[in-house]
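One structure is given below, encoded as structure tokens.
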Amino acid sequence: MRFQNQTAIVTGAGRGIGHAIALRLAGEGARVACVSRTEANAQKTADEINGARPDAARAYAVDVADHAAVQQTAEQILGEFDRVDILVNNAGVTRDGLLMRMSADDWDTVLNTNLKGAFNFTQAVLRPMIRQRGGRIINITSVIGLIGNAGQANYAASKAGLIGFTKSIAREVASRGICVNAIAPGLIETDMTSVLSEEIRKTILGKIPLGSLGKPDDIASAVAFLASAEARYITGQVLCVDGGMVM
Ligand code: NAP
């Protein structure tokens, strides 16, 4: 129970990796604010947590890209939970396409969700974390932010931006006892990757030394470590959880 008496906010907690992270942190004692765009998805995760630990979770529906709405949601969370110890910026989307044909809308949607979304939530929790003299912020980036990918210029830019953001904020708040790190998943089995063709999966699999795709729980384990007391001397880092794809 590494997170007893702690409160965590997990964005994109309605499905996939965020769902696994919310369950893992709650399983180790945290109270969890489950944030998602779709109310029903956030509620489903919160219900699952509350089924095992009554009143340990609440659901919040908000578009992370909406600065004013995120401020409001963060205030509501702080009002209801009193404190925030862990923020996991996990919400993310893809709108793939070659740059020649990429619409400005697809560029904006990905940058606004994946990068501005993290800015919005981080800014909203920083003051309370500073007042508490501690906290953990974990940003879910991607190996694509490190190596790029044809057809994902918007996604790669958002995830590389998130790495720069992570390192800058880590420097800004280290003296306040707040650690800020990023996790770069490789290919993880979720809705986001279920759309990939068998051929693309096979090609990617050939590039993974450990020989299999990852599971949402693999990312949840890394988040739990970085959020825990054992990681107190780690900040500004990018941890690849990718079966060895990028080394
Ligand atoms: P997913 O299954 O598609 O789930 C995405 C989650 O993010 C959903 O809960 C979704 O909310 C939420 N979300 C999307 N846009 C949002 C917005 N504007 N406001 C609030 N919530 C929003 O994706 P995933 O595979 O779990 O990915 C989670 C994170 O890991 C993403 O940042 C992704 O880029 C990163 N990642 C994934 C992989 C992979 O292989 N899967 C690899 C590298 C990095 P709703 O459910 O309400 O729609």
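The values are calculated or read from the model by the stated rules, or taken from the named source; none is laboratory data. Just so we're clear, the structure is a prediction, and the values are computed from it rather than from any experiment. We place every Cβ from the backbone using ideal geometry, glycine too, and count neighbours over all the protein chains shown. With ligands, DNA and RNA removed, areas are computed over all heavy atoms of the protein, side chains included. Shrake-Rupley method; radii C 1.70, N 1.55, O 1.52, S 1.80 Å.
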Inset, instruction - Taking the residues in the range 124-157 that are in contact (Cβ under 8 Å) with a residue 40 or more places away in the chain, open to solvent by 20 Å² or more (accessible area, probe 1.4 Å) and in a helix (DSSP H, G or I) as candidates, determine which candidate is nearest to the ligand (Cβ to nearest atom). - result: Y155
Legend entry - Residues located in the range 110-123, provided they are open to solvent by less than 50 Å² (accessible area, probe 1.4 Å) and within 22 Å of D191 (Cβ to Cβ): V110, L111, T113, N114, L115, G117, A118, F121
Legend entry - Cross-chain or 6+ apart pairs with Cβ under 7 Å, the range 233-246 first and modelled with pLDDT under 95, then among the charged types (D, E, K, R) and surrounded by 19 or more Cβ atoms within 10 Å (Cβ to Cβ): none
Legend entry - Where G243 falls short, out of the listed (1) surrounded by fewer than 17 Cβ atoms within 10 Å (Cβ to Cβ); (2) at positive phi: (1)
Inset, instruction - Any chance you could count how many residues in the range 17-43 are out of contact with any helix residue (DSSP H, G or I) (no Cβ under 6 Å at 6 or more places or on another chain), surrounded by fewer than 24 Cβ atoms within 10 Å (Cβ to Cβ) and in a helix (DSSP H, G or I)? - result: 6
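Test I200 against the criterion of being within 15 Å of the ligand (Cβ to nearest atom) and crowded, with 20+ Cβ neighbours inside 10 Å, and give yes or no.
no
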Legend entry - the range 171-195: number of residues that are of a type outside the set (G, A, S), at pLDDT below 95 and exposed (fewer than 13 other Cβ atoms within 10 Å of the Cβ): 2
Inset, instruction - Consider G97 carefully, then state whether it is buried (at least 23 other Cβ atoms within 10 Å of the Cβ), over 24 Å from N41 (Cα atoms) and touching a residue at least 40 places away in the same chain (Cβ under 8 Å). - result: no
Inset, instruction - Give the number of residues within the range 46-67 that are open to solvent by 30 Å² or more (accessible area, probe 1.4 Å) and away from the ligand (no atom under 16 Å from the Cβ). - result: 6
Inset, instruction - Evaluate the following for V70: is it within 14 Å of the ligand (Cβ to nearest atom) and not in a loop (DSSP other than H, G, I, E, B)? - result: yes
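Does the range 83-91 contain any residue that is open to solvent by 40 Å² or more (accessible area, probe 1.4 Å) and either within 16 Å of I21 (Cα to Cα) or of a type in the set (A, V, I, L, M) (or both)?
No, the range 83-91 has no match at all.
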Legend entry - Odd one out for S168 among (1) surrounded by 15 or more Cβ atoms within 10 Å (Cβ to Cβ); (2) within 18 Å of the chain's Cα centre (by Cα); (3) under 28 Å from V241 (Cβ atoms): (1)
Legend entry - First in the range 215-230 and in contact (Cβ under 8 Å) with a residue 12 or more places away in the chain and within 12 Å of C179 (Cβ to Cβ), second anywhere and within 16 Å of the ligand (Cβ to nearest atom) and assigned to a helix (DSSP H, G or I), Cβ under 9 Å, 6 or more apart: A227/L25
